[in-house]
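In what follows, a single structure is set out as structure tokens and then discussed.
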Amino acid sequence: MSRITEGKAAGAPYRWRSGRRWAPLLSSTAFWLMVVVVAGAVALVTAQKPLAGLVLGGLVLVVGVLLADPLLLVVLALPGTLLIQRVGGSSTNLSAADLLVFVGALVALFYVRWSEAPNLRRFMVGIVWFQAALVLSVALHPFRDNIVEWFHRWSYLGGSVIVGWVVATYGRTVQAFRLFLAGASLLAVIAMEHAVTLHFEPAQWGVYQKNGIGEIMWIAILITQINPPWTGIRRTEARIYKYFCILGLLASQSRQEIILLILGIALSYVLNPDLRGKSKLLLLVAIPLSVALYYSFTINAKNNPKFNSVSVRVDQISAAVHVWHLSPILGEGMRFYNLPQFISVTAPPNVLIDNLASTGIVGSLMFFFMVIVTVRALYKLPYVIGTLGLVVLVGHYIDGLFDIFWIGASSIGPFILAGISVGLADRHRREDREPFLSTAKAATALLTRPPRDWAVSGARASGDGASGVGGPVGTLAELAPPVKRSR
């Protein structure tokens, strides 16, 4: 009996080890069987209903990305600002960029630790109060476009900031910036090709109008010109992106975006003393460019006095002012120009008039409050962190004085960049270090790893940060000798 018992005991480990050898094969077989079943189901649905199959395939892709790398959906929100194609019906009025930032914000909400994000909370105060004031307008005018636009603004104001905060806090800044700049350079090449094809007329095609292209270009140029160390973009790489985007901006011939670029460079020159050496050449080029822009406006006004860009904008603003007189306190509701009684009115190319007509005096005052709070939150950050986000956001606010402001695709980028600046500040505050300047190469090595103790799974650092969920991480303070810098 003892020999029989010993034989069974001796064979048990062997059988257990044999089972372990079969387990990977069984799990792999089950996984690929599930993939084949899902692929077959998508193919069957696509054959019968192509649109439903496309939607189902997109959902499968999103689920796959969520399982493999959830933060990738957050990272894609910044390069997604290049996609301004419309999705859905006219009732939703969303672009592909709106959809990407909405999905990215939903994922990012699970990664935000509000108790350890004082700068994010300070920035979000203005957005929350502004959205709270808009509830009054929605309650007074509960039509579909007004309700949809309220949620829409939550997404590309608050959602974009949260996305940027998570991108910075979890060390995905390098990935996001490289994807955005590469996409912007590709768009610049396409714009140059169209400009040459059209005999040097403004480059525009489909939904990509000259001001939409110009807005992408001036933001990309500012990123490469300021190029703080935490972007992780090397100097040579940044120059290549910058020259492509400058040519793309010239191909678009968007005068207001060229003016914004000049103002942005001048503002960064004032805010960040470290940029004054490399901004002199561009500021020197800005002088003859400003003269050329002045003569361009003058010639356009003389040749087409009734239908030039300035006179058309004045007519649109006048029509919106008449709408505001109908309801001066709470306005006529967001996207009021889609209502049948205002069929002859278009979206006002001025954010102040648009706010007055849509949300009245109450909404306009809260918009001013939001502008002051967000700009002040970025201005209080050290200039090495806050300059890029502050300059782009201020430029976006100024752009709203001369063009339609409430467009998600054009608002997402500036608010994501503001969120990245805020996220970096909270990251360094949490690690109790001072941010410092250093080389882009060292910053790239740092920011490809997530910050210390911010593992997604909640596990402690294991010494290997390649997986993106754990590992020892330093701060920008480790990249240079400790020299305190402040405004």
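No lab work stands behind these numbers, since they all come straight from the coordinates. Because the structure is predicted, anything quoted here is derived from the model rather than measured. Cβ placement follows ideal geometry from the backbone for every residue including glycine, while neighbour counts extend to all protein chains displayed.
Numbers below:
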item	result
Positive-pole candidate from Val112, Val128, Phe143, dipole of segment 100-158, charges at beta carbon	Val112
Virtual spin-label span in nm between Arg86 and Val125, 7 Å along Cα→Cβ	4.0
Contour excess over end-to-end distance, with Cα ends at Leu365 and Leu72 and 0.36 nm allotted per residue	101.8 nm
Calculated FRET value between Glu201 and Ile240, using beta carbons and R₀ = 22 Å, to 0.05	0.25
At most 14 other Cβ within 10 Å, DSSP loop - trypsin sites (Lys or Arg not before Pro), segment 346-427	Lys380
Nonlocal amide H pairs with Leu94, under 5 Å, H built at 1.01 Å	Val87
Within-14-Å neighbourhood charge of Leu250 [Cβ basis; K, R +1; D, E -1]	0
Cα-centred dipole magnitude for segment 105-193, charges only on beta-carbon of K, R (+1) and D, E (-1), debye, nearest 20	280
Convex hull (Cα only) mean projected area of segment 310-412, reported in nm² to one decimal	6.9
In segment 183-226, chymotrypsin sites (Phe, Trp or Tyr not before Pro) in a DSSP loop with at most 15 other beta-carbon atoms within 10 Å	Phe200
R0 of 22 Å, Cβ-Cβ distance Ala139-Gln341: FRET efficiency to nearest 0.05	0.65
Pairs of Cα atoms farther than 13 Å apart, segment 210-266, %	54
Label point distance in nm, Val148-Lys380, each placed 7 Å from Cα along Cα→Cβ	3.8
Cleavage-rule hits, trypsin sites (Lys or Arg not before Pro), segment 77-149, DSSP coil, Cβ neighbours within 10 Å at most 13	Arg113
